[in-house]
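Asker: The structure follows.
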Amino acid sequence: METITQLSPKQEQFAMEFVVTGNASEAYRRTYPRARNWKEGSVHVNASKLLSNANVQLRVEELKEAARSRHEVTIDSVVAEYDAIIKMALEMKQPSPAITAITKKAELYGLFDKHLRRRKDREMPKCSERIIVNFVSPEDKLEKK
């Protein structure tokens with residue numbers, strides 16, 4: 001795949017490391033090994049600056065798209081995998097993995113703010129709708145009939 005954006009070798013390496021790790025600070029440390037001895041805050045600031053560069057952002061998206069195409073990953077394929085996990089977890093009467101998969105699926109569709117749990121005030125945002133999830137195993141369905 002030919003690169004559309006023009007980047008320095010370090011910017012290119014940072015973009016590739018970011019796609020691999022998903023973490024800007026770690027990508028920065030891998031690109032600039034001396035940064036391993038820096039304070040975390042300094043690494044974070046420099047990584048954020050580099051990641052906010054429009055050309056770097058464009059290259060990150062190019063690399064992600066290439067990876068998605070190469071591995072044939074689509075939202076539909078990810079949702080199908082989550083659905084299989086949910087079904088298996090419920091059949092095994094293990095609600096925790098099912099809840100995790102449901103949460104990830106909701107995040108994928110933008111229905112759940114993954115940062116909400118980190119809010120200091122711990123208040124839920126006001127919503128006009130509620131989502132109610134009832135966990136029922138196939139055996140429970142048969143017993144109720």
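Asker: Using beta carbons and a limit of 7 Å, which pairs, at least six apart or on different chains, have the first residue in segment 97-110 and of a type in the set (Asp, Glu) and the second one exposed (fewer than 14 other Cβ atoms within 10 Å of the Cβ)?
Answerer: Short answer, once both residue conditions are applied: Glu107/Lys114.
Asker: If you don't mind, there's one more thing I want to ask. I'd like to know if segment 23-32 contains one or more residues that are assigned by TED's automatic domain parsing to the domain that holds Ala67, hydroxyl-bearing (Ser, Thr, Tyr), exposed (fewer than 13 other Cβ atoms within 10 Å of the Cβ) and more than 17 Å from Glu65 (Cα to Cα).
Answerer: no
Asker: Looking at (1) part of a loop (DSSP other than H, G, I, E, B); (2) at pLDDT 90 or above, which one does Arg122 not meet, given that it meets all the others?
Answerer: (2)
Asker: Condition first: hydrophobic (A, V, I, L, M, F, W, C) and surrounded by fewer than 12 Cβ atoms within 10 Å (Cβ to Cβ). Now tell me which residues in segment 33-59 satisfy that.
Answerer: First pass over segment 33-59, keeping only residues hydrophobic (A, V, I, L, M, F, W, C): 35, 38, 43, 45, 47, 50-51, 54, 56, 58.
Hit for segment 33-59 is Ala54, nothing else.
Asker: List, please: which pairs have Cβ atoms under 8 Å, are six or more places apart or on different chains, and start with a residue in segment 73-87 that is closer than 19 Å to Ile99 by Cα and end with one that is among the basic types (Lys, Arg) and surrounded by 13 or more Cβ atoms within 10 Å (Cβ to Cβ)?
Answerer: Pairs that qualify, where the first residue is closer than 19 Å to Ile99 by Cα and the partner is among the basic types (Lys, Arg) and surrounded by 13 or more Cβ atoms within 10 Å (Cβ to Cβ), are Val79/Lys105; Tyr82/Lys104; Tyr82/Lys105; Asp83/Lys105; Ile86/Lys105.
The values are calculated or read from the model by the stated rules, or taken from the named source; none is laboratory data. It should be emphasised that the depicted structure is a prediction, and the values quoted were computed from it without experimental measurement. So basically every Cβ, Gly included, is an ideal-geometry build from the backbone, and we count neighbours across all protein chains shown.
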